[in-house]
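Read the figures in this text as sums done on the coordinates, not as results from a lab. Keep in mind that what you see is a predicted model, and the values were worked out from it rather than measured. As a convention, Cβ positions derive from the backbone with ideal geometry for all residues, glycine included, and neighbour counts pool all protein chains shown.
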Amino acid sequence: MQPNGPPRQLVSNMNPDYEKILEAEVDQALKGLKDLPAPQSLLLRVMSVIEQRATLPWYRQAWSIWPLPLRVASLAFMLTLFGGVCFGSWQLMHTEFFLSATHKISNWLAGPTTLWNALNAVVNALGLAIKQLGTGIIVGGLLAFAMGYALCLSLGSAVFRLAVARR
């Protein structure tokens, strides 16, 4: 990239290597920048955080840092717990309480479900009716709607002006 002169014009549809040239220019410009030194206070803070993390007990560190026997034991415990939760939820679905609760919920949702199905049928019927109409009828209907809207807007404005006009 040329810092003082105008940028070179590279048009992507005329030059197939536009992205490669741009990448090389950006890479060259970034490599030409000087390294900025970190402030001394930042360096001290970062080093103190690193030292604090190194002195943490094993149970406060990442799981991959734990001793191998503890990792194996915790993994076995978590797998057993997950299997128990899965088995318990599977057994719960076969209890009388769960079956009666799902029956009550389905009764509560029967009305909204029926309404949804009816609205869906109406929308589908309207869609089919519109597909059967010709383009001329649809355009004519939209044009009549736009003219009616403009008529109502102009009449409303005229009535409003008459109502607030000072005599």
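What the table below lists for this structure:
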{"quantity": "Dipole axis of the chain (+1 Lys, Arg; -1 Asp, Glu on Cβ), positive-most option in Leu126, Ile138, Leu153", "calculated": "Leu153"}
{"quantity": "Inter-site label distance for Ala165 and Phe77 at 7 Å from Cα along Cβ, in nm", "calculated": "8.7"}
{"quantity": "Inter-probe distance in nm under a simple model that places probes 7 Å from Cα toward Cβ, at Trp66 and Phe87", "calculated": "2.2"}
{"quantity": "Residues of type lysines that Lys20 reaches as a straight line, Cα spacing below 18 Å, ignoring anything fewer than 8 places off in the same chain", "calculated": "Lys31"}
{"quantity": "Residues in segment 86-111 reached by a label modelled at Asn124 [backbone nitrogen below 11 Å; 7 Å Cα→Cβ]", "calculated": "none"}
{"quantity": "Chain lengthening between Tyr149 and Glu19 when straightened (0.36 nm per residue, less Cα-Cα)", "calculated": "41.6 nm"}
{"quantity": "Value of [θ]222 nm, deg cm²/dmol, for the chain, DSSP H segments ≥ 4, -39500 (n - 2.57) each, nearest 500", "calculated": "-24500 deg cm²/dmol"}
{"quantity": "Where labels lie 7 Å past Cα in the beta-carbon direction, separation of Gln132 and Asp35 in nm", "calculated": "7.8"}
{"quantity": "Span-like helix ranges in the chain, DSSP H, alpha carbon extent 27 angstrom or more, Kyte mean at least -0.5", "calculated": "68-92, 110-132, 135-164"}
